[in-house]
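Remarks on the structure that follows.
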Amino acid sequence: MMLLKIEDNKVFFRTDKDKEFVNLDEIGKDDILSIFKKIFLAKEDEELKDFADEFNKDLISNDAHKIIYDRLYNKIKELWENRTTIIGEIKNEFKEAEEKYFTK
Amino acid sequence: MKKIDFHIHTISTDKDESFEFSIENLEKYVSLRRIDAIAVTNHNVFDIIQFNEIQDKINAKVFPGIEIDVEKGHILVICSHDKFGIERIRLLSENIKDKLLDTKYISLEILIKLCSNPLEYLFIPHIEGKPKSLSLEVIREFPEGYIYCGEVPNQSKFNLLKRGKNIALTPVLFSDSRICNHMLIEHFSLRQIYLNIEALELDTIKAALKDRSKVYLDIEGTDLFDATGEGDFIYPGINVITGKRSTGKTVFLKKINSANENVKYIRQFELVQNQDDEDKSIEEFQKEVKLDEQKFIENHLNQFKDMASTVALIDLQINHNSLDKYIDSLLKFANDTKKKNSYAKTKLFNEEKFVKLPDSSLKSSIEAIITLIENMKKDVTLKKYLSEVNFDELLKELVSNFRKEKYNNKIREYVNETLDSVQPVLQSKSDSPTISNYDQLLHMKNLLTVHTFNKLVKSMKESKIISLTNIGNFSIRVTRNAIDSAATLKKKIKKPSKVTHIFELYDKPYDYLIKMSNEGLANDVGIEKAFFDFQYDVLNKYGNPVSGGERSEFRLMRALKDAYSYQMLLIDEPESSFDNMFLREEINKTIKEMSEHLPVVIVTHNHTVGLSIKPDYIFHLIREDKPDGSEYYIFSGCPDAANLSDKKGKIIKNYTALMNSFESGEKAYEERKVDIYDVVKNRG
């Protein structure tokens, strides 16, 4: 599910597959939150490039987009790489209680 | 009669103060105190090599034993002195060593299991207020017939138990000494007991310990015990020493003091204040009471202290400044909208970050539910009321919510980090003004906290009695007040410099607190103490402030209350502390009650005081001046006996002793005919 794409020297985003792509100028914190959540919960057979085009400064002429997408893509990459560890950490909380008390 | 001491330490463990064992001193101790049998009872260990050496060298029967940490107390376990008994104790010490690695004590159940045939052992628990005593409930958990005696802390408790009608345990009194190399002969314990037996075998000893009438404090089988190590026998109850001035009463008391451990000694005039300056003595008295109540005040102010420390960290000025800056920047931004360039036009340019939410209560709820599930396994009541609750599902849902919350927070953190990295670059490229950050939530929270603090301090400044405790006929009243002046504050915070400028803010608690913190005054005395003043009043039974004489009486009551944690109480001339020659009824009652817990010795040069306290045993001291020096005599006996005798068998009439005590002789006695004298006179 493509959420961030580079097209016509600009960057566009959407928060769900049913939605239209919007100019990156319009992206706010709630949009970033939705995108991060989707990426975070990616299926095992999915890859990062299925969600976002890789940052390439030569393909973007809008300077504001260049600045935003450079950092945004980096953060997405970091999230992608760490997501298994983070999920593991969260699931580890009260793991003992889960094993001991939860009815199977 | 055989004298035994079945509680002796020869190894320094982590339960003792460090000491080095001396077998020479053990030899001296056993010989000087003429002991026939001892038991070596170290804390949770038995060293067979050291034990064999002691058995070889000591001229007495030596029994092997251990003092074991059981649940809620200590118990001595002793076996026969032959090779079988020694092996039993060695094995027991090996077995408990493993168990004690996991827990700090051995349960009674396991102890019984480890002693394969418990009838081969002698069990002596600490009882009746000896440190680490086992309660009767715990002792009853032992199978019947295994425990029939208990080690008491002092001679009075021994006496009480021996004469008691209901208590089934035979009392025993042992030295509990650490035999070390720097021990002086004067320090050798006087705490041993006599058993009316012939053979020193464990079975005979056990049989004697099952029968209270076979256990004594002295060889004569009377109820007296040696209090000085020189044959000065006193009664395990109230003893009164009388005699004219300079007959050696205080010297005798000091001798008893130095020959015994853990003695509460109230010296002559210790309780009297300088009566010349009434104001000064009241102030001093208040100080003493204040010192006693210090802990209570600290507890009282604990929560306030925590709150004040939190509030002291709040800087409302910074919050205000941040709000001003925010509004300025907002106005500026609105005016400049038209000038925006492509950077400023992006939404992220001024996007505010996600507010960090405070931790919810989910984690503590989950932990509480887990504790509840665990406790339900042991607690019938919990089970009764909660067995219907589906804890599994409840826990599952809470854990799931908790994880969701964690997950959301983590993603929000990532978003905020993105904003942190994007915004400064966008803003640096643009000429447009940026909107400054302002944490509204934090500001509101701080305002509310400060408001609550101000309200709390205001209500706490209203005068209130916060404690009223009784000691005998007296009560101690503690009142919390507002601080009335800068001078009082100065005194409280012990600062030589002026505090008027701080005290001006006293009616604005938050400002006052911040001022105190900024000037570094709060750390020295504790911030909480600078807010309130406490008044301590001691009231008599009519609710009025105590007079000078009553203050001394109160001090004696307080000293007596303190004496409960000691093994013996000595009081030197209590009447010197009082206006009234007769000790008050209340104090007599208290001393009488105390004598059931520990032996009491009172010195008085006033026989009236001595008799009004109804002693169990009396001493009368006489000095005879001769050309070649003075001779001192110590006569003693029961108060209602016709005669008193000294160690060499010299006898005087009790009535003569009484008359001798009156400084103005028989005339004064005739003037004050009181019933108690007549009892003695008729005997005489």
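Here are some notes:
- When B:Phe354 is tested against (1) over 60 Å from the mean Cα position of the chain (by Cα); (2) within 9 Å of chain A (Cβ to nearest Cβ), only condition (1) is not met.
- Criterion: surrounded by 12 or more Cβ atoms within 10 Å (Cβ to Cβ), at pLDDT 80 or above and under 22 Å from B:Glu573 (Cβ atoms) - qualifying residue of B:Ile266, B:Ile297, B:Ile314: B:Ile266
- Those residues of the range B:300-311 which are surrounded by 14 or more Cβ atoms within 10 Å (Cβ to Cβ) and either over 26 Å from the mean Cα position of the chain (by Cα) or not basic (Lys, Arg) (or both), in sequence order: B:His300, B:Leu301, B:Phe304, B:Met307, B:Ala308, B:Ser309, B:Val311
- Residue in the range B:458-468 that is out of contact with any strand residue (DSSP E or B) (no Cβ under 9 Å at 6 or more places or on another chain) and modelled with pLDDT of 90 or more present: yes
- Note on the range A:63-79: residues that are touching a residue at least 24 places away in the same chain (Cβ under 8 Å) and more than 7 Å from every other protein chain (Cβ to nearest Cβ) total 5.
- Among the residues of the range B:149-169, those identified as more than 21 Å from B:Asp16 (Cα to Cα) and buried (at least 18 other Cβ atoms within 10 Å of the Cβ) are B:Cys149, B:Gly150, B:Gln155, B:Ser156, B:Lys157, B:Phe158, B:Asn159, B:Leu160, B:Leu161, B:Lys162, B:Leu169.
This table checks each residue for (1) within 12 Å of another protein chain (Cβ to nearest Cβ); (2) part of a helix (DSSP H, G or I); (3) within 22 Å of B:Leu442 (Cβ to Cβ).
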site: B:Asn321; (1), (2), (3): no, yes, yes
site: B:Tyr343; (1), (2), (3): yes, yes, no
site: B:Asp359; (1), (2), (3): no, no, yes
site: B:Ile366; (1), (2), (3): yes, yes, no
site: B:Thr371; (1), (2), (3): yes, yes, no
site: B:Glu374; (1), (2), (3): yes, yes, no
site: B:Leu382; (1), (2), (3): no, yes, no
site: B:Tyr385; (1), (2), (3): no, yes, no
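- Taken over the range B:304-319, the criterion of being farther than 18 Å from B:Ala530 by Cα and in a helix (DSSP H, G or I) is satisfied by B:Leu316, B:Gln317, B:Ile318, B:Asn319.
Condition check ((1) in the same structural domain as B:Thr170 (by TED's automatic domain parsing); (2) closer than 17 Å to B:Lys206 by Cα; (3) assigned to a helix (DSSP H, G or I)) across all residues:
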{"site": "B:Gln55", "(1), (2), (3)": "yes, no, yes"}
{"site": "B:Asp69", "(1), (2), (3)": "yes, no, no"}
{"site": "B:Ile75", "(1), (2), (3)": "yes, yes, no"}
{"site": "B:Ser80", "(1), (2), (3)": "yes, yes, no"}
{"site": "B:Gly85", "(1), (2), (3)": "yes, yes, yes"}
{"site": "B:Lys99", "(1), (2), (3)": "yes, no, yes"}
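- Checking B:Leu217 against (1) hydrophobic (A, V, I, L, M, F, W, C); (2) touching a residue at least 40 places away in the same chain (Cβ under 8 Å); (3) under 21 Å from B:Tyr105 (Cβ atoms), the condition it does not meet: (3)
- Residue in the range B:419-430 that is under 30 Å from B:Phe296 (Cα atoms), touching a residue at least 40 places away in the same chain (Cβ under 8 Å) and either more than 11 Å from chain A (Cβ to nearest Cβ) or assigned to a helix (DSSP H, G or I) (or both) present: no
- Flag if B:Asp392 is within 11 Å of another protein chain (Cβ to nearest Cβ) and under 23 Å from A:Glu96 (Cα atoms): yes
- Looking across the range B:429-453, the residues that are modelled with pLDDT of 85 or more and either crowded, with 16+ Cβ neighbours inside 10 Å or within 15 Å of A:Ala64 (Cα to Cα) (or both) come down to B:Tyr438, B:Asp439, B:His443, B:Asn446, B:Thr449, B:Val450, B:Phe453.
- So B:Val77, is it under 15 Å from B:His7 (Cα atoms), in contact with a Ser or Thr (Cβ under 9 Å, 6 or more places away or on another chain) and modelled with pLDDT of 95 or more: yes
- Within the range B:9-23, the residues that satisfy the criterion of being within 13 Å of B:Asn44 (Cα to Cα), touching a residue at least 60 places away in the same chain (Cβ under 8 Å) and under 25 Å from the mean Cα position of the chain (by Cα) are B:His9, B:Ser12, B:Asp16.
- Whichever residue in the range A:43-90 is surrounded by fewer than 20 Cβ atoms within 10 Å (Cβ to Cβ) and small (Gly, Ala, Ser) and, among such residues, is farthest from B:Asp420 (Cα to Cα): A:Gly88
- Taken over the range B:625-658, the residue count meeting the criterion of being under 19 Å from B:Arg245 (Cα atoms), surrounded by fewer than 18 Cβ atoms within 10 Å (Cβ to Cβ) and of a type in the set (Val, Ile, Thr) is 2.
The values are calculated or read from the model by the stated rules, or taken from the named source; none is laboratory data. On a predicted model such as this, the values are computed, not experimentally measured, just so you know. Cβ sites come from the backbone with ideal geometry, for glycine too, and all protein chains shown count toward neighbours.
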